[in-house]
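Visitor: Below you will find the structure I want to go over with you.
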Amino acid sequence: MADSPEAEVTWLTAEALAELKRIQPPHVAKKRATVILLASAIASETPQARVFEDERACNQRVWYQKWQYEPEIATALEFCIEAALDAKDTETARLEAAALQQRRRAIAAGSIQAVTGLQLTALQARNKDGIEASKVLIKLADPELATRLGESGGQALAVEVAGLDALIDAELARVAGGGEAGVVDAAAQPGDGLSDVPDAAG
């Protein structure tokens, strides 16, 4: 006779094994083997009819007409099914976690390549693609700035620099009037320490 299926399965818990040992003679080995094979089939969603093709199990007539109604066998089958399903759930969770880790690694590796591609597009393209690539890079690097750009609707953002407007106006006036006053003279205010500097000639 073939080896017992107890040596093949990894899901037999102490509780399930204890219930299997409660099964009464005659044909204890075959009864226990049938229970284990049926529990494995149910957990793996394998047709139960295949169990009865295994020489270690009883035939369908014996099972359905007699053995399944024995209290010890019914209880052992219940415990074995629960143990087999728990083991399947654990294995499924392990496989899902491994698959998730692989996906994350693939995404991380792909994101590096994607950012490199965006950088090349932003630097080399002089069309809409280059602009869009630049926007994406800004969004990745500085979400706050990207939000401000989005709220501005593509308009120029106001940049506040102290004294810059006065400096620019003074220079424009100097150029337009043909004057010789420099930027420093035009921007200097009384008492700021600049307009009070003595003339070198005087």
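Readers should treat all values here as calculations from the given coordinates under stated rules, not as data from a laboratory. From a predicted model like this one, the values you see are computed outputs, not experimental measurements. Cβ sites come from the backbone with ideal geometry, for glycine too, and all protein chains shown count toward neighbours.
Conditions (1) touching a residue at least 12 places away in the same chain (Cβ under 8 Å); (2) surrounded by 12 or more Cβ atoms within 10 Å (Cβ to Cβ), marked per residue:
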residue	(1), (2)
ARG56	yes, yes
TYR64	no, yes
ALA76	yes, yes
ALA84	yes, yes
THR92	no, no
GLU96	no, no
ARG104	no, no
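Visitor: Those residues that are charged (D, E, K, R), within 44 Å of the chain's Cα centre (by Cα) and in a loop (DSSP other than H, G, I, E, B), I need them from segment 4-25; list them, please.
Guide: The answer is GLU8, and nothing else.
Visitor: Looking at segment 61-105 only, could you name the residues that are farther than 30 Å from PRO25 by Cβ and aliphatic (A, V, I, L, M)?
Guide: Result: ALA93, LEU95, ALA97, ALA98, ALA99, LEU100.
Visitor: Just give me the residues in segment 49-70 being under 11 Å from THR34 (Cα atoms) and outside any helix (DSSP H, G or I), in sequence order.
Guide: Result: ASP54, GLU55, ARG56, ALA57, CYS58, ASN59.
Visitor: Next question, about the same structure. Tally time: how many residues in segment 5-29 are of a type outside the set (A, V, I, L, M), buried (at least 18 other Cβ atoms within 10 Å of the Cβ) and closer than 18 Å to GLN68 by Cα?
Guide: 1
Visitor: Among residues belonging to segment 26-48 that are closer than 19 Å to GLN60 by Cα and in a loop (DSSP other than H, G, I, E, B), point out the one that is farthest from the chain's Cα centre (by Cα).
Guide: PRO26
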